[in-house]
Amino acid sequence: MMLQPAPVYNMRESDYRDMAVADSVADGVFVHIGTKLYLGVSPDWNSPELPDDEEWRIEWSKFYYGLDLAHAYGVSGGCGRYVDAWVELVSSWIDQVPVGTDSSDVVGRRIQNWVYAWIRFAQCPVFVGFDPQTECKILSSLEEQIQWLVANLTRERNHRTLELYALLIGVLAFPRFDRNGALLRFATSELNRNLRKDILDDGVHRERSTHYHMIALRSFLGTIENAKCLGLTLPEGFVDRVESAVKFAVHVHRPDGEIPMLSDSDGGSFTAMLEHAGRCFGRKDFLWIASAGKEGRPPLTSHASFP
């Protein structure tokens with residue numbers, strides 16, 4: 001019988017649907033940070049010929065492209081090259097890379113992306129599951145990575161938030177990793193603690209970085225969405241605190257839909273996240289900002305202060 005992971009909600013579901021990326025990866029070609037390499041679908045993960053740029057290796061090891069492969073598998077009606085490529089890549093990583101080689105935040109991203117990809121594959125009507133040996137191998141590695149992450153969490157701030165969220169996603173998708181519920185309680189409690197420490201009373205993230213504010217907010221919104229979908233009770237005040245963080249996100253978006261780069265920050269647009277938040281909280285003003293005025297209604301005031 002096919003193992004069916006619980007359908008946890010992915011806040012970035014629409015971000016990784018690139019058929020070109022899927023086709024490239026299925027051919028063993030990877031492009032990150034402007035560098036393109038042919039490595040095959042069973043690559044040497046420790047090759048000395050990999051780029052010197054550590055960021056290239058980090059991005060490669062997070063497995064975001066697995067979501068593109070799973071999307072391509074679904075829209076193609078179950079083309080085997082996409083799922084085969086994912087299995088080969090994941091299996092070769094497990095065979096070659098000891099758990100704990102990467103930093104804890106990279107481990108957290110990889111846990112999430114393996115879970116999300118597996119769910120996407122499983123949602124395709126023709127998917128019959130992985131063979132028992134592969135299934136056991138991936139499950140064992142996920143559990144090992146989760147246990148390693150529990151013991152090596154970043155002490156505070158953004159990386160801790162994403163790592164705790166990865167634990168939450170892992171045990172919600174596969175309750176077998178947490179048979180007595182202790183890890184779920186820990187992840188929920190610690191996410192709440194990080195939320196209260198990192199989101200100040202006015203709703204602004206403690207680092208005063210627009211980009212990091214959005215990244216942390218995405219995990220907190222995902223926690224609320226998964227709590228709704230899977231019947232998880234969140235600590236008192238959690239939802240209100242997250243809504244206050246969304247208010248800042250709403251007001252800091254410029255009319256062109258981008259955020260200003262303040263403090264240690266990247267740019268970009270998070271209007272899709274604002275749209276999700278508008279529906280989550282029933283806030284028409286959030287939807288108005290997210291849709292550039294095409295939906296919802298304007299905020300009561302265009303002036304906001306975050307002391």
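All of the numbers you see were taken from the coordinates with simple rules; none came from a lab. As the structure is a computational prediction, the values presented were derived from the model and not from experiment. Because the Cβ atoms are built from the backbone with ideal geometry, glycine has one as well, and the counts that use them run over all protein chains shown.
Over the Cα atoms of the stretch 180-307, compute the convex hull volume and normalise it per residue, giving Å³.
That works out to 108 Å³ per residue.
Quick one: check the C-alpha center-to-center distance for the stretch 69-118 versus the stretch 145-222, whole angstrom.
The distance from the Cα centre of the stretch 69-118 to that of the stretch 145-222 comes to 22 Å.
Ranked highest first by average number of other Cβ atoms within 10 Å, how do 249-257, 156-164, 268-276, 28-36 line up?
Final packing ranking: 156-164, 268-276, 249-257, 28-36.
Suppose a student asked you for the relative contact order of the stretch 1-156, using Cα pairs under 8 Å spaced at least 6 residues apart; what percent would you report? Mind dumping the intermediate values first?
Working: 173 pairs, mean separation 44.5, N = 156.
Relative contact order here is 29 percent.
With an 8 Å Cα cut-off and a minimum separation of 6 or more residues, compute the relative contact order for the chain in percent. Display every interim value, and only then the final one.
On the way: 420 pairs, mean separation 45.5, N = 307.
Computed over the chain, the figure is 15 percent.
So between Ser269 and Met2, what do we pick up on full extension, going 0.36 nm a residue minus the alpha carbon distance?
Gain on stretching Ser269 to Met2: 92.3 nm.
Quick check: the angle from helix 182-198's long axis to the longest principal axis of the chain, C-alpha only, nearest 10 degrees?
40 degrees
At a temperature of 20 °C and a viscosity of 1.002 mPa s, determine how fast the stretch 1-119 diffuses translationally according to Stokes-Einstein, using the Kirkwood radius over alpha-carbon pairs as Rh; express D in µm²/s, rounded to the nearest whole number. Mind dumping the intermediate values first?
Working: Rh = 14.7 Å.
Estimated via Stokes-Einstein, D reaches 145 µm²/s.
For the stretch 251-307, what are Rg and Dmax over the alpha carbons, in angstrom?
11.6, 32
What list of ³J(HN,Hα) values in whole Hz, one per residue of the stretch 296-305 in order, does the Karplus curve 6.51 cos²θ - 1.76 cosθ + 1.60 (θ = phi - 60°) give from phi, with Gly and Pro shown as x?
Listing the rounded values in order: x, 9, x, x, 5, 9, 8, 9, 9, 10 Hz.
Rounded to whole Hz and in sequence order, give me ³J(HN,Hα) for the stretch 219-231 from the Karplus expression 6.51 cos²θ - 1.76 cosθ + 1.60, θ = phi - 60°, writing x for Gly and Pro.
3J(HN,Hα) across the stretch 219-231, in whole Hz: 5, 5, 5, x, 4, 5, 5, 5, 5, 5, 5, 10, x.
For Lys247, go through the lysines and keep the ones whose alpha-carbon is under 16 Å away, minus same-chain ones fewer than eight residues off.
Lys284
For the stretch 49-187, list log₁₀ I(q)/I(0) at each q in 0.22 Å⁻¹, using the Debye formula over Cα point scatterers of equal strength and ignoring solvent, two decimals each.
Relative scattering, expressed as log10 I(q)/I(0), comes to -1.42.
Cα atoms only: what Rg and Dmax, in Å, come out for the stretch 144-217?
In order Rg, Dmax, the Cα atoms of the stretch 144-217 give 13.0, 39 Å.
By how many degrees, 0 to 90 and rounded to 10, does the Cα axis of helix 271-281 deviate from the longest principal axis of the chain?
With both axes taken from Cα atoms, the answer is about 70 degrees.
In sequence order, what are the phi-derived ³J(HN,Hα) couplings for the stretch 78-94 according to the Karplus relation 6.51 cos²θ - 1.76 cosθ + 1.60 with θ = phi - 60°, rounded to whole Hz, with x for glycine and proline?
Working through the residues one at a time gives x, 4, x, 4, 6, 6, 5, 4, 4, 4, 5, 5, 5, 5, 5, 5, 4 Hz.
Taking the inverse of the average 1/r across all pairs of different Cα atoms in the chain, what Kirkwood radius in Å do you get?
Hydrodynamic radius (Kirkwood, Cα only) of the chain equals 20.4 Å.
Kindly express, to the nearest 10 degrees and within the range 0 to 90, the angle between helix 104-122's C-alpha long axis and the longest C-alpha principal axis of the chain.
70 degrees
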